[in-house]
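Notes for the one structure printed next.
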Amino acid sequence: MDQNNDWVVYRRNDGLWAKKISGAKNASSIHATLEQAENSAREMLKTRGGGKLFIEGFDGMIRSKDSFLQATFQSLFRKRDTSS
């Protein structure tokens, strides 16, 4: 990946959940629940070709992390058209 595509989901002081790219100052979106913020981040990773997702707990410590493959790798597993 040429650009930073690591995303962080965290709880804000007002109780809402936010999603931001790692290292960014401001959140790119705000959500009412952790599930909504996590789903939004996963969708962003899917459309941007992979990366890492970090979920921070209430204490600010990372409670889980996931890695997603780049979309270019998916083309290696597509079935070839052998009809020609």
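Throughout, read-outs are computed from the coordinates displayed, never taken from laboratory work. None of the values given here were measured: they were computed from a predicted structure. Cβ: placed from backbone, ideal geometry, glycine included. Neighbour counts: every protein chain shown.
Name every residue in segment 1-39 that is touching a Ser or Thr at 6+ places or on another chain (Cβ under 7 Å), exposed (fewer than 15 other Cβ atoms within 10 Å of the Cβ) and within 19 Å of residue 65 (Cβ to Cβ), in order of residue number.
4
Just to be sure I understand, how many residues within segment 18-44 are part of a helix (DSSP H, G or I) and more than 11 Å from residue 6 (Cα to Cα)? Step through it out loud before you land on a result.
Of all residues in segment 18-44, those part of a helix (DSSP H, G or I) come to 34-44.
Cutting the leftovers down to more than 11 Å from residue 6 (Cα to Cα) gives us 34-40, 43.
Of the residues in that region, 8 qualify.
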